[in-house]
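Enquirer: Once you've had a glance at the structure underneath, I'll fire off some questions.
The values are calculated or read from the model by the stated rules, or taken from the named source; none is laboratory data. Since the model is a prediction, treat every value here as computed from it, not as a measurement. Here the Cβ positions follow ideal geometry from the backbone for every residue, glycine too, while neighbour counts run over all protein chains shown.
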Amino acid sequence: MKLSVDKLFWLTLVLLPLTAHAERWHAVSDPKHTAVLELFTSEGCGSCPPAERWLYQQQQNNTELNYIVLGFHIDYLNDQKGWVDAFAKPAFSERQKQLALLNRYQTIYTPEFVLSGESLPNWRENLQEAVSFLNEFDAQAKIRLSAYRIDDALMIDSRSQVTGDENRQHSKLYIAIIEDDVSSKVLGGDNAGKTFNHQNLVREWLGPFALETSGETFIEHQVKLMPEWQQDKLKLVALIQNLSDGYILQAVELPLTQ
């Protein structure tokens, strides 16, 4: 059988991702709601390390709970605490401000816990019960997340289905790259002399990506993998949030393990 030049060209494009790399990852969201816990923290904040340690212990001890943690390092304390947090980005502070606006409050602080779009001030007392409660609900969206690596680029594909007219009208997709076991020695500020081992550290926060009003959306995106990132410690997270009421409809986590 002979193939035309055009057919050979398109066949090459289809097969390229399968031949140019050996690493491909897939994940599909659960039928039930996966909660998303966004922690806003800073290396210059004296009360943040105990909160981070407590959260890590909760994740280790309560494995039956279904939630994803995103650790955002904010930058607005960098000029106040005598220590510049190297993991902080303006986009992470803007995310906290966005959630504050959705929750209709004016104050942002660290450490702050936001669960599936809603502020959780009494996190020590309420986290486990709140996550368990959210896990009982059917998800209002389904996300299929795929990724593969070509050289230093991470190619991301997201296929999503959103239920409900209001959700379809107001929801957006966000993608995060997070990393575990990131060691950092702090030389100034409230935590001078301490060494942190950060978990669920947000490296990149991407979006919002518009979704089709039909409810089904396919999105492709490319991210440059930085040399200081530990690939075997990276995870990809996709979430869909209704930006009218702030509720996160669903999320999925994809470890980029070898």
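Enquirer: Starting from the range 72-89, keep only residues that are under 15 Å from LEU39 (Cα atoms) and modelled with pLDDT of 95 or more, then list their pairs with residues that are of a type in the set (Gly, Ala, Ser) and surrounded by fewer than 19 Cβ atoms within 10 Å (Cβ to Cβ) whose Cβ atoms are within a distance under 8 Å, requiring at least 6 positions of separation or different chains.
Expert: Pairs that qualify, where the first residue is under 15 Å from LEU39 (Cα atoms) and modelled with pLDDT of 95 or more and the partner is of a type in the set (Gly, Ala, Ser) and surrounded by fewer than 19 Cβ atoms within 10 Å (Cβ to Cβ), are PHE87/SER184.
Enquirer: Tell me which residues, restricted to the range 52-61, are under 15 Å from PRO111 (Cα atoms) and surrounded by fewer than 19 Cβ atoms within 10 Å (Cβ to Cβ). Before you say what the answer is, go through the steps one by one.
Expert: Pass one, the range 52-61, residues under 15 Å from PRO111 (Cα atoms): 52-56.
Within the range 52-61, ARG53, TRP54, TYR56 qualify.
Enquirer: (1) over 26 Å from LEU102 (Cβ atoms); (2) over 16 Å from the mean Cα position of the chain (by Cα); (3) modelled with pLDDT of 95 or more: which one isn't true of ASP157, the others all being true?
Expert: Result: ASP157 fails condition (2) only.
Enquirer: Report yes if some residue within the range 171-185 is over 15 Å from the mean Cα position of the chain (by Cα), among the aliphatic types (A, V, I, L, M), at pLDDT 95 or above and over 17 Å from VAL237 (Cα atoms); otherwise report no. It would help to see each step written out before you state the result.
Expert: Applying the first criterion (over 15 Å from the mean Cα position of the chain (by Cα)) to the range 171-185 yields 171, 181-185.
With among the aliphatic types (A, V, I, L, M) added as a condition, the list becomes 182.
Keeping just the survivors that are at pLDDT 95 or above gives 182.
Narrowing the set further to residues that are over 17 Å from VAL237 (Cα atoms) leaves 182.
Taking every residue of the range 171-185 in turn, at least one turns out to be over 15 Å from the mean Cα position of the chain (by Cα), among the aliphatic types (A, V, I, L, M), at pLDDT 95 or above and over 17 Å from VAL237 (Cα atoms).
Enquirer: Here is a follow-up. Test SER160 against the criterion of being more than 19 Å from PHE72 (Cα to Cα), surrounded by 15 or more Cβ atoms within 10 Å (Cβ to Cβ) and in contact with a Ser or Thr (Cβ under 6 Å, 6 or more places away or on another chain), and give yes or no. First the steps, then the outcome.
Expert: Numbers: more than 19 Å from PHE72 (Cα to Cα): yes; surrounded by 15 or more Cβ atoms within 10 Å (Cβ to Cβ): yes; in contact with a Ser or Thr (Cβ under 6 Å, 6 or more places away or on another chain): yes.
The answer is yes for SER160.
Enquirer: Just to verify a result, which residue in the range 229-258, among those that are closer than 19 Å to ASN197 by Cα and out of contact with any Asp or Glu (no Cβ under 8 Å at 6 or more places or on another chain), is modelled with the highest pLDDT?
Expert: Restricting to residues being closer than 19 Å to ASN197 by Cα and out of contact with any Asp or Glu (no Cβ under 8 Å at 6 or more places or on another chain), the top hit is PRO255.
Enquirer: Might you let me know whether the range 230-252 holds any residue that is more than 23 Å from HIS33 (Cβ to Cβ) and either without any contact (Cβ under 8 Å) to a residue 12 or more places away in the chain or in contact with a Ser or Thr (Cβ under 7 Å, 6 or more places away or on another chain) (or both)? First the steps, then the outcome.
Expert: Let us first name the residues in the range 230-252 that are more than 23 Å from HIS33 (Cβ to Cβ), namely 230-234.
Keeping just the survivors that are either without any contact (Cβ under 8 Å) to a residue 12 or more places away in the chain or in contact with a Ser or Thr (Cβ under 7 Å, 6 or more places away or on another chain) (or both) gives 232.
Yes; the residues of the range 230-252 include at least one that is more than 23 Å from HIS33 (Cβ to Cβ) and either without any contact (Cβ under 8 Å) to a residue 12 or more places away in the chain or in contact with a Ser or Thr (Cβ under 7 Å, 6 or more places away or on another chain) (or both).
Enquirer: Restricting to the range 128-143, what's the tally of residues that are outside any helix (DSSP H, G or I) and either β-branched (Val, Ile, Thr) or touching an Asp or Glu at 6+ places or on another chain (Cβ under 8 Å) (or both)?
Expert: First, pick out the residues of the range 128-143 that are outside any helix (DSSP H, G or I): 136-143.
Subsequent filtering for residues that are either β-branched (Val, Ile, Thr) or touching an Asp or Glu at 6+ places or on another chain (Cβ under 8 Å) (or both) retains 139, 143.
Of the residues in that region, 2 qualify.
Enquirer: Being surrounded by 16 or more Cβ atoms within 10 Å (Cβ to Cβ), at pLDDT 95 or above and of a type in the set (Asp, Glu) is the requirement here; does ASP190 meet it? Please lay out each step first, then the result.
Expert: On the way: surrounded by 16 or more Cβ atoms within 10 Å (Cβ to Cβ): yes; at pLDDT 95 or above: no; of a type in the set (Asp, Glu): yes.
Judged against the criteria, ASP190 is not a match.
Enquirer: Considering (1) among the acidic types (Asp, Glu); (2) surrounded by fewer than 21 Cβ atoms within 10 Å (Cβ to Cβ); (3) in contact with a helix residue (DSSP H, G or I) (Cβ under 9 Å, 6 or more places away or on another chain), say which one GLU38 fails and leave the rest.
Expert: Unmet for GLU38, out of (1) among the acidic types (Asp, Glu); (2) surrounded by fewer than 21 Cβ atoms within 10 Å (Cβ to Cβ); (3) in contact with a helix residue (DSSP H, G or I) (Cβ under 9 Å, 6 or more places away or on another chain): (2).
Enquirer: Among GLU112, GLU64, GLU23, which is the only one that is farther than 20 Å from PRO208 by Cα, crowded, with 19+ Cβ neighbours inside 10 Å and either modelled with pLDDT of 90 or more or of a type in the set (D, E, K, R) (or both)?
Expert: On inspection, the qualifying residue turns out to be GLU112.
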